[in-house]
Amino acid sequence: MIRDFGITWAHRDQIVHGLVNTVWLSLSAAALAFVLGCLLAIVLMARTRPLAIAGRYFVDTMRCVPFLLFAYLVYYGLPSFGIRFTNYSAGLVALTLYNTAYMAELLRAAWAGLPREMIEAGHAFGFVGLSLFRRIVLPPVIFAAIPMIGNQLIQIIKDSAFLTIIAVPELTHEASSIQATYFVPFAAFVTAVLLYWLLCMVVEVAVAGVGRMAQARR
Amino acid sequence: MNDAAAPPSAEPPVLELRAISKSFGTLEVLSDISLKVARGETVCIVGPSGSGKSTLLRCINWLEKPDSGAVFLSGRRVGMRSGGHVAMSDKELAQIRTRIGMVFQHFALWPHLTVLQNVMEAPLHVQKRPHAEVRETAEALLQKVGLADKREVFPAQLSGGQKQRVGIARALAVQPDLLLFDEPTSALDPELVGEVILVMRELARDGMTMVIVTHEMGFARDAATQVVFIDRGQIVETGTPVQFFSAPATERARQFLQRYATANAATIELQPARAMP
């Protein structure tokens, strides 16, 4: 067993490479999903009914499709329509679109939970459109949604492991390739699990820190 | 632009409501309300709960759209243009709203901004006034409401009375032609009402034009230039505070004042120094 971990350690550059990719994928997907999620939340809250309904369909569809299948669809399915991605960008697109639905839904819920008078004060003082959203609505929405955004970030990190099936060179993929070459499944996978755990801890500590700051602003 | 056919020489009233009506479904909350408010007036709107007072106030800056009737701010139609047939765009409406300051029952401060930022927000980002000037005005206003030392604090750390005084400073910061107060002391603990009333009295003395929905009869009696009594969506009686409180013309007003006095008898007994109506 010690030997197995020795082998894994010997290929630490591969593990680190996978870890860096996982971090990059997760962070970029989270950032993109957050921005797109904000836009989609606006659509969900829109007074124009058809628009809100269309947004609602997108969110519900995404939430009902298993992520694994969705990743397959983006990588293997879209080329039938002439849309081709590299493994990495297919993974990023799948992760982003999938989590955009979740981000939008949690932001919408936080938005709907804001005291109405506060937004009304925005209207009363002449804020309209984008400046109303950006200056009056969005900051309290984010502060209220921080714990949920943290949860979603952890979900994204864990979902990124699925991308091994479309050969994205992320952490699970690298661990899997080490174990396949040297047959050290326990050592390789436990190492990966520990690293995922570490990532999630970092997220939790960061969320707790930001959460304390947000507490004063709620 | 000017839909009012006012004689050219006379200054139009700061606020004029013409035959405002409003229903929610089958429930008529406002019916044929007309009112004029001249510069420097303090108009107190009083009446039983659910009589439509707050809805009326919210119709003034178009937070609530009346079903019929017209609102004029210094002679300019609010909410509608082209003779009242076309709704204003959000941008045009915002232009008018920024000339009206509003103070809310539940304060409605922006929780993510400090006290100072709350006061500076609209002047900076709606009115686009220069930062240095806005900051100077905001600090002076916080001084005026007695909260200069709280300017870097977030609203969550303030008491209700302090929040409402920030709310008043925020409303004054846009240098409004008209201030609207929607039951500004109703959400406050009784011992915190005084500090807010004090600021409002000062504004009345300074000649700020104000429309105030309130249950504070003491304030209405002392500070109002005009008292408007609303019941079941209609203006039942309008008069000076002296007329209204000592010799109400209508039976409904008399009953309202009587109920009010009975309900507050205990409080009034505890304050023997305060003059009775």
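Just so you know, all these numbers are worked out from the coordinates, no wet-lab data involved. The structure displayed is predicted, hence computed values, not measured ones. We place every Cβ from the backbone using ideal geometry, glycine too, and count neighbours over all the protein chains shown.
Observations, loosely collected:
- Residue match in the range B:74-84 (condition: buried (at least 20 other Cβ atoms within 10 Å of the Cβ), within 8 Å of another protein chain (Cβ to nearest Cβ) and either at negative phi or out of contact with any Lys or Arg (no Cβ under 9 Å at 6 or more places or on another chain) (or both)): no
- Note on the range B:97-130: among residues that are more than 9 Å from chain A (Cβ to nearest Cβ) and charged (D, E, K, R), the one that is surrounded by the fewest Cβ atoms within 10 Å (Cβ to Cβ) is B:128.
- Answer from A:89, A:80 - the residue that is out of contact with any Pro (no Cβ under 6 Å at 6 or more places or on another chain), hydroxyl-bearing (Ser, Thr, Tyr), over 24 Å from residue A:170 (Cα atoms) and exposed (fewer than 15 other Cβ atoms within 10 Å of the Cβ): A:80
- Whichever residue in the range B:60-73 is surrounded by fewer than 20 Cβ atoms within 10 Å (Cβ to Cβ) and assigned to a loop (DSSP other than H, G, I, E, B) and, among such residues, is nearest to the other protein chains (Cβ to nearest Cβ): B:63
- Across the range B:170-199, the qualifying residues are those that are of a type in the set (A, V, I, L, M, F, W, C) and in contact with a strand residue (DSSP E or B) (Cβ under 7 Å, 6 or more places away or on another chain), and the one among them that is nearest to residue A:121 (Cα to Cα) is B:171.
Condition check ((1) of a type outside the set (Asp, Glu); (2) over 19 Å from residue B:109 (Cα atoms); (3) out of contact with any strand residue (DSSP E or B) (no Cβ under 9 Å at 6 or more places or on another chain)) across all residues:
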| site | (1), (2), (3) |
| --- | --- |
| B:145 | yes, no, yes |
| B:148 | yes, no, yes |
| B:151 | yes, no, yes |
| B:168 | yes, no, no |
| B:204 | yes, yes, no |
| B:225 | yes, yes, no |
| B:233 | yes, yes, no |
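- Taking the conditions (1) assigned to a helix (DSSP H, G or I); (2) of a type in the set (A, V, I, L, M); (3) within 8 Å of chain A (Cβ to nearest Cβ); (4) in contact with a Pro (Cβ under 7 Å, 6 or more places away or on another chain) in turn, residue B:94 satisfies each one other than (4).
- Filtering the range A:121-137 to residues that are surrounded by fewer than 18 Cβ atoms within 10 Å (Cβ to Cβ) and facing chain B (nearest Cβ under 7 Å) leaves A:129, A:131.
- Every pair of residues 6+ apart whose Cβ atoms lie under 9 Å, when the first sits in the range B:90-109 and is hydroxyl-bearing (Ser, Thr, Tyr) while the second is part of a loop (DSSP other than H, G, I, E, B): B:98/A:125; B:98/A:126; B:98/B:126; B:98/B:127; B:98/B:174; B:98/B:176
- Of the residues making up the range B:131-159, those that are in contact (Cβ under 8 Å) with a residue 12 or more places away in the chain, within 14 Å of chain A (Cβ to nearest Cβ) and surrounded by fewer than 19 Cβ atoms within 10 Å (Cβ to Cβ) are B:152, B:153, B:156, B:158.
- Residue within the range A:58-76 that is surrounded by fewer than 19 Cβ atoms within 10 Å (Cβ to Cβ) and touching a Lys or Arg at 6+ places or on another chain (Cβ under 9 Å) present: no
- So residue A:188, is it within 14 Å of chain B (Cβ to nearest Cβ), buried (at least 20 other Cβ atoms within 10 Å of the Cβ) and among the small types (Gly, Ala, Ser): no
- Single match in B:29, B:46 (criterion: more than 10 Å from chain A (Cβ to nearest Cβ), surrounded by 18 or more Cβ atoms within 10 Å (Cβ to Cβ) and under 23 Å from residue B:197 (Cα atoms)): B:46
- Residue check: residue B:213 meets all listed conditions (1) crowded, with 21+ Cβ neighbours inside 10 Å; (2) under 30 Å from residue A:214 (Cβ atoms) but one, namely (2).
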